[in-house]
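The values are calculated or read from the model by the stated rules, or taken from the named source; none is laboratory data. This is a predicted model, so every value here is computed, not measured. Cβ sites come from the backbone with ideal geometry, for glycine too, and all protein chains shown count toward neighbours.
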Amino acid sequence: MEIKDLYNLIRVVPDFPKSGISFYDITTLLENAQAFQLIIDKLAEPYQQIEVDKFVGIDARGFLLAAPLAYKLGKGLAIVRKKGKLPYQTFSQQYELEYGADTIEMHHDTIDPGEKVAIIDDVLATGGTMQATIDLLHQFEAEIVVISFLAELGFLNGKDNIKHYPIYSLLTFNE
């Protein structure tokens, strides 16, 4: 299996979660053992030359990528959850989505000031969730060294909203 084969394993669901939005479903990739292994191996490659203390996975599909990367590279894992899902004291950040507003949170003691973090999520669309995560990590005084995505929806220009950081996308959809 090669990178080019992964494109055919992503299911595009029209009108989800609401009319006019196309959802890029990665579960079909994760169900394929060869594809999942290739994804993690390829996402790990840039981190061979980058110093990272923790991987930050974004609720919920980002967890599925950040956790195996942290394990594979022997690093810590921190998670960004939707409001009300974490049991301890949190920092929070509100943000706008393509289809509404939401709030994300992290435990207030999950990252130490100055820690080098890599943020991982499944799909970059408009960049709203990622910008909120960046703003949230600034509350920790973390050093964001790179942001990685399994797939990027290039036609939505989400990179423009987070262009102050190195960005690595394994797949790019341009239509």
Note to self: Checking the condition within 15 Å of the chain's Cα centre (by Cα), closer than 22 Å to G128 by Cα and crowded, with 17+ Cβ neighbours inside 10 Å, which residue from L65, L69 passes?
What the structure shows: L65
Margin query: Residues to consider are K83, K54, K42; find the one that is among the basic types (K, R), closer than 15 Å to V117 by Cα and surrounded by 13 or more Cβ atoms within 10 Å (Cβ to Cβ).
Written below: K54
Notebook entry, point to check: Here is a list of conditions, (1) under 15 Å from K82 (Cα atoms); (2) in contact with a helix residue (DSSP H, G or I) (Cβ under 6 Å, 6 or more places away or on another chain), and T126 meets all of them except one; can you say which number that is?
Noted result: (1)
Margin query: Conditions first: (1) farther than 22 Å from G20 by Cβ; (2) in contact with a strand residue (DSSP E or B) (Cβ under 9 Å, 6 or more places away or on another chain). G74 passes all but one, so which condition is the exception?
Written below: (2)
Next item on the list: Go through the residues of the range 79-88 one by one and say whether even a single one is within 22 Å of S22 (Cα to Cα), among the basic types (K, R) and free of Cβ contacts under 8 Å to residues at least 24 places away in the same chain.
Entry: yes
Note to self: Any residue that is at pLDDT 95 or above and touching a His at 6+ places or on another chain (Cβ under 9 Å) - is there at least one of those in the range 156-173?
What the structure shows: no
Next item on the list: Working carefully through the options Q131, Q89, find the one that is touching a helix residue (DSSP H, G or I) at 6+ places or on another chain (Cβ under 8 Å), over 18 Å from F55 (Cβ atoms) and not acidic (D, E).
Entry: Q131
Check: more than 17 Å from the chain's Cα centre (by Cα) and either acidic (D, E) or within 20 Å of I167 (Cα to Cα) (or both): does that describe I50?
Finding: yes
Next item on the list: Report, by residue number, each residue of the range 128-152 that is more than 10 Å from the chain's Cα centre (by Cα) and crowded, with 22+ Cβ neighbours inside 10 Å.
Entry: L136, L137, A142, E152
Note to self: Condition first: touching a Gly at 6+ places or on another chain (Cβ under 9 Å), outside any helix (DSSP H, G or I) and closer than 21 Å to G20 by Cα. Now tell me which residues in the range 153-172 satisfy that.
What the structure shows: N157, T172
Checklist line | Selection status of G114, without any contact (Cβ under 8 Å) to a residue 12 or more places away in the chain, surrounded by fewer than 16 Cβ atoms within 10 Å (Cβ to Cβ), on the phi > 0 side of the Ramachandran plot and not basic (K, R) | finding: no
